[in-house]
1. For the stretch 312-406, list the helices (runs of 4 or more DSSP H) that sit wholly inside it and hold at least 2 residues that are crowded, with 22+ Cβ neighbours inside 10 Å, at pLDDT 95 or above and not basic (Lys, Arg); which are they?
2. Take residue 395 and decide whether it is closer than 25 Å to residue 291 by Cβ, touching a residue at least 60 places away in the same chain (Cβ under 8 Å) and under 29 Å from the mean Cα position of the chain (by Cα).
3. Sort through 186, 244, 214, 206 and tell me the only one that's surrounded by fewer than 23 Cβ atoms within 10 Å (Cβ to Cβ), touching a Pro at 6+ places or on another chain (Cβ under 8 Å), on the phi < 0 side of the Ramachandran plot and in contact (Cβ under 8 Å) with a residue 40 or more places away in the chain.
4. Mind listing whichever residues of the stretch 261-298 are touching a Cys at 6+ places or on another chain (Cβ under 9 Å) and over 27 Å from residue 381 (Cα atoms)?
5. Can you name the condition, by its number, that residue 26 falls short on among (1) surrounded by fewer than 20 Cβ atoms within 10 Å (Cβ to Cβ); (2) of a type outside the set (A, V, I, L, M); (3) closer than 16 Å to residue 491 by Cα; (4) under 19 Å from the mean Cα position of the chain (by Cα)?
6. Would you mind stating whether residue 198 is free of Cβ contacts under 8 Å to residues at least 60 places away in the same chain, within 23 Å of residue 86 (Cβ to Cβ) and assigned to a helix (DSSP H, G or I)?
7. Does residue 125 count as part of a helix (DSSP H, G or I), in the same structural domain as residue 454 (by TED's automatic domain parsing) and crowded, with 16+ Cβ neighbours inside 10 Å?
8. Take the stretch 367-383 and flag every residue that is in contact (Cβ under 8 Å) with a residue 40 or more places away in the chain and of a type outside the set (Phe, Trp, Tyr).
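The values are calculated or read from the model by the stated rules, or taken from the named source; none is laboratory data. Computed from a predicted structure; not experimentally measured. FYI the Cβ positions are ideal-geometry reconstructions off the backbone, even for glycines, and counts take in every protein chain you see.
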Amino acid sequence: MIYEFKDIKANLKIDADVVVVGSGAGGAVCAHRLRKLGKSVVLIEEGSYWKPEQFSTDMWVAMKMLYRDNGMRAMTGRMVIPTMQARCVGGTTVINSAICFRLPDEILDEWVEQEKLKGLSPGVLKPIFDEIEQFLNIKPESEEVLGMNNKLMDKACKALGWRGERIYRNSKGCKGCGVCMSGCVEGAKMSMDRSYVPAFVEIGGELYTDCRVEKILVENGKTIGVCGVFIDPQGLKESEKTLEVRAKAIVLSCGTMGTPVLLQKNNLANSSGLVGRNLCNHTATGMTGLFEDTVCAWDGVNQGYCCDEFRKEGFMIEVFWAPPDVIGIRVPGFGVKHKNLMAKLKHIAGFGAMIRAKSTGRVIAPKKGWSPTIIYNMSKQDAKLMQKAMKATADLLFAAGAKKVMPGIYKVPSELHDASETQLIADADLGPTDFNPIGNHPMGTCRMSELKGKGVVNSYGETHDVKNLFIADASIFPNSPGVNPQVTIMALAHFIADVISQKI
């Protein structure tokens, strides 16, 4: 059953084997797996349950409807770095580009060795990845919906002899609308709201939307339940209606920002002092190129091709596109110059690079409210890696046939007119504040480690300090994996669900 705000007439007290908080990549998969294993499961989501026909292709409307802090959330430090998360059933899977990579074996091996993890190995995760990929129809996106923007990167990779491929995506019947960031209006993206959540409900799971969990109940060092308050979706004001769920185990899947805030507000699981620390991400930035022929980059999937030639060096390059009101940020100039370039938008392509950043930051719960302070500074080491990634991105754009490349980097000319000029990026004296990045894929704020002083949870997602309190989201990653993380989140959530099922 699905219970929305309008269905709640009084305070509720219910019992279950497990309560899962958050319905994104981690929570949805964990809840579904536990229910499939015969456990009674309550899934609680702070946001609303939107249908595809309710989504808007107007990006500003979509941000207000689906995004936390109306899409204005940012990491602050020496510079402001936007970071976007969703607030709805399905979590950020609703607004991402459906990109699906398995966790590279060498990254998992690194985690296992450094954190002394138990029970995890490439062999253990392989059948889980197989199952998830089959369930979500994950496969390389079809040529028919790639569009010219993606085909240009394919052309460039072949011209340079660099390794590239169509991106594996969780979609079924994609029409190449290119508006993934505002929710799939066709219902073709197999985000959690279109896949694991309805499957969970179909087999007897209970979903409560518009409910923010604020209290974790603990007795004798062991969790016994949660308490939450229902939020009126009209105005997002707290109501007087409450929900209390008593359960044998609790799974927090509130995301890398939300999970540490909830723990900090409850003064739990922080003997290591690491709750909210170790914030890492795939710092990313984009670059545009102007072509003689029409590109119409909005025609086709917004991210359907990648160059992974440099993945083991610490960065990947992916096609990117966004609505004009967002992509305009990546087009240089002001006033008439900017207007004239935007008038040529159908001739512009966009490529972007993301790095496996080593920098770390911190998430701090507010005294009032639930929107955290997020502190993050890019290191000089990461800036050098970004510089190398941007040089390669410019090389790709010229190899694709661009007549002009617009790097969007301080201390570098706003326009490059020849492939030889990409060396200007490599030669520039660049630091962290010379880029205009976004903080993609936040991770690590409740990191996993068998070494109690180095982690918040153990190898099985259970907090070191509180029994039967589990975490299943990207906050448990020891560090950034270097590839888009949603499928890794799902696989670890599946793994953790199996552990919980055996324990309770």
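1. Answer list for the stretch 312-406: 380-399.
2. Details: closer than 25 Å to residue 291 by Cβ: yes; touching a residue at least 60 places away in the same chain (Cβ under 8 Å): yes; under 29 Å from the mean Cα position of the chain (by Cα): yes.
Yes; evaluated as a whole, the condition is true for this residue.
3. None of the other options fit; the residue is 186.
4. Matches in the stretch 261-298: 261, 262, 263, 269, 298.
5. (1)
6. So residue 198 passes the test.
7. Yes: the conditions hold for residue 125.
8. Applying the first criterion (in contact (Cβ under 8 Å) with a residue 40 or more places away in the chain) to the stretch 367-383 yields 370-380, 382-383.
Of everything in the stretch 367-383, those that are in contact (Cβ under 8 Å) with a residue 40 or more places away in the chain and of a type outside the set (Phe, Trp, Tyr) turn out to be 371, 372, 373, 374, 375, 377, 378, 379, 380, 382, 383.
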